[in-house]
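What follows draws every value from the coordinates through simple rules; no lab data is involved. What you see is a predicted model; the values in this text were computed from it and never measured. Every residue, glycine as well, gets a Cβ built from its backbone with ideal geometry; the counts of neighbours run over all protein chains shown.
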Amino acid sequence: MTTALSRRLLRGRVAGLRIRESGPPAGPAARLARRVWPPLLAVGLVLLVWETLVLVGWKPAYVLPAPATVAGELVTLLASPDFWTAITITMVRALVGFAVSLAIGTVLGIAVSRWGLLRNALGALLTGLQTMPSIAWFPLAILFFGISEQAILFVIVLGAAPSIANGLISGVDDVPPQLLRTAHVLGARGLGLYRWVVLPAALPAYLSGLKQGWAFAWRSLMAGELLVIIASRPSLGAQLSFFRELSNAPGLLATMVVILVIGMAVDGGFSTIAKRVRSRRGLGAARL
Amino acid sequence: MTAPGPVTLTGVGKRYGRGGAATEALRGVELRIQPGEFVCLLGRSGCGKSTLLSMLAGLDAPTSGSIDLGDRRVAMMFQDANLFPWLTVAGNIELALRLSGVPEQAWRDRVAELLSVVRLAGTERKRPHELSGGMRQRVALARALAQEADLLLMDEPFASLDAITRDALHDEIERIWIERRLTVLFVTHNVREAVRLGDRVVLMQPSPGRIAGEWLVGLPRPRRMDDPAIATRAAGLRDELDAQAPAAEGAA
């Protein structure tokens, strides 16, 4: 197992080096390989360290199982319908929470960027809310809404909406003044100016806000699912809690892997959209 | 369409700031531009020529005096093309059409026509960052023409282009000005460019910005930049400029 792993790792490293030496005019296959190898290498290194810790017996096996054991547990979990029910409930919460945050954050962002009075009133508060750890909201949320979906939603929105609003506000603030002058000469005023010039110009910053908002929403959701466990509603967070209570370390770690992968996949989706938007405008690394 | 009257500036002044810290950007500017005239505003940096243009475009208001545009629609070009980077070439022109109230079903033909006027036919789907500086200015010109304005304000639009591209664009703007019977106010700090393009060259001096003189160019059109008559006229104008400069600096 270990030797197979290190062999794979070694191959990865050598391949990575060879590609880098071959220089910029590489074909699409080599380009793909160059993008795929470094993260694989990093994952391989983590697995290697993990495997080593298991082999030297740093913690007993029932606390820190080997990667292969966790992988086996992951396969079992992914084959069980109950686990998919948990994933589905968590994802629906995430989507609803993010959608509500998106709506509130966007309206708030436009309003604050447009009216000076609102900016003076809410600008500092929005930034302050962003620094507030979302878990600190839960006692209040549980007091307000009890152990319920609303309590979780409340905290997700408080975590994500300020990031989305702030992304939009900084995007609007950074619209180049010469584009605003041009728009004025072209006859854009009021709502038309926002619809056709200000908001499109702010799109890249808005997307960064969405990406950050998603990260906050996902973290808040996991904190919420650990604290607000609703009896009839299995979820990824509730799974974590159960596995800990049952001292099922492989299940715990396998669930964490799923949480990490979902978070990264959505984040990667936002990054891909943002990159496409930027490259269409002649911005970003795609130029080089 | 009724023929608009002349553009008239009467005693136009502009101050920035208040009290002792105020700077006077323009003082007592009197200018009259006849319909269909091509006027070049010539002066060094800081003489207020761009401020004057901004006020004519409605981007800024004079602190004294009045501006009468003679009931015209105004379009403006800047030193940078300022194309909207999220839109294609066609999208940029379409936005100008939309904001001018042109119905959507007419856009396609109008875009194609305007692009052929600026000799960029077939570039509809390009993105601004895929074009050269000269091509971007051509698109900006097409976008300005899309507004169907009869007063075109140009703020050093060719200053950052290379000489070959600039010569070509001089020919284009002269041709389009004649074909479309536009009134043009063109700001430049380049004496030869002013003589190449203008019916009349208006000289501005700084501190505070004011009009210091004007010359009728009186050369036949179409003109060519390498015509010796332009060089001769430009040399004469530059001599007059230099003769005025020490006095102007002494007054500052």
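A compact table of results
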| read-out | value |
| --- | --- |
| Any pair with Cβ under 6 angstrom, 6 or more apart, that starts in the stretch B:64-78 at a residue that is away from chain A (no Cβ under 14 Å) and ends at one that is part of a strand (DSSP E or B) and surrounded by 17 or more Cβ atoms within 10 Å (Cβ to Cβ) | B:Ser64/B:Gly13; B:Gly65/B:Val12; B:Gly65/B:Gly13; B:Ile67/B:Leu9; B:Gly70/B:Val7 |
| Residue within the stretch B:200-208 that is over 23 Å from B:Val12 (Cα atoms), crowded, with 19+ Cβ neighbours inside 10 Å and in contact with a Leu (Cβ under 9 Å, 6 or more places away or on another chain) present | no |
| Qualifying residue in the stretch B:121-134 (condition: more than 16 Å from the chain's Cα centre (by Cα) and hydrophobic (A, V, I, L, M, F, W, C)) | yes |
| Close pairs (8 angstrom Cβ cut-off, 6 or more residues apart or separate chains): within 7 Å of chain B (Cβ to nearest Cβ) in the stretch A:178-191, of a type in the set (Asp, Glu) anywhere | A:Gln178/B:Asp80 |
| Among the candidates B:Leu97, B:Leu120, residue that is within 14 Å of chain A (Cβ to nearest Cβ), without any contact (Cβ under 8 Å) to a residue 60 or more places away in the chain, hydrophobic (A, V, I, L, M, F, W, C) and under 22 Å from B:Arg181 (Cα atoms) | B:Leu97 |
| Single match in B:Ser45, B:Ser50 (criterion: away from chain A (no Cβ under 14 Å), touching a residue at least 60 places away in the same chain (Cβ under 8 Å) and hydroxyl-bearing (Ser, Thr, Tyr)) | B:Ser45 |
| Qualifying positions in the stretch B:176-228 - within 18 Å of the chain's Cα centre (by Cα), assigned to a loop (DSSP other than H, G, I, E, B) and among the small types (Gly, Ala, Ser) | B:Gly198 |
| Within the stretch A:234-279, considering residues that are over 14 Å from A:Leu77 (Cβ atoms) and in contact with a Ser or Thr (Cβ under 9 Å, 6 or more places away or on another chain), the one surrounded by the fewest Cβ atoms within 10 Å (Cβ to Cβ) | A:Phe270 |
| Residue match in the stretch B:198-214 (condition: of a type in the set (A, V, I, L, M, F, W, C) and free of Cβ contacts under 8 Å to residues at least 24 places away in the same chain) | no |
| Filter result for the condition that a residue is closer than 30 Å to B:Leu219 by Cβ, surrounded by fewer than 19 Cβ atoms within 10 Å (Cβ to Cβ) and of a type outside the set (Val, Ile, Thr), over B:Gln105, B:Gln79 | B:Gln79 |
| Counted residues, the stretch A:122-133 - those being over 14 Å from A:Asn166 (Cα atoms) and assigned to a helix (DSSP H, G or I) | 0 |
| Selection within the stretch A:220-231 - touching a residue at least 40 places away in the same chain (Cβ under 8 Å), part of a helix (DSSP H, G or I) and surrounded by fewer than 20 Cβ atoms within 10 Å (Cβ to Cβ) | A:Leu227 |
| Unmet requirement for B:Ala149, which otherwise passes all of (1) facing chain A (nearest Cβ under 10 Å); (2) crowded, with 18+ Cβ neighbours inside 10 Å; (3) farther than 29 Å from B:Met225 by Cβ | (3) |
| Test for B:Glu94: is it more than 28 Å from A:Pro204 (Cα to Cα) and either of a type outside the set (A, V, I, L, M) or more than 22 Å from the chain's Cα centre (by Cα) (or both) | no |
| Residues that are out of contact with any Lys or Arg (no Cβ under 6 Å at 6 or more places or on another chain) and either over 30 Å from A:Leu252 (Cα atoms) or buried (at least 19 other Cβ atoms within 10 Å of the Cβ) (or both), drawn from the stretch A:75-99 | A:Leu77, A:Phe83, A:Ala86, A:Ile87, A:Thr90, A:Arg93, A:Ala94, A:Gly97, A:Phe98 |
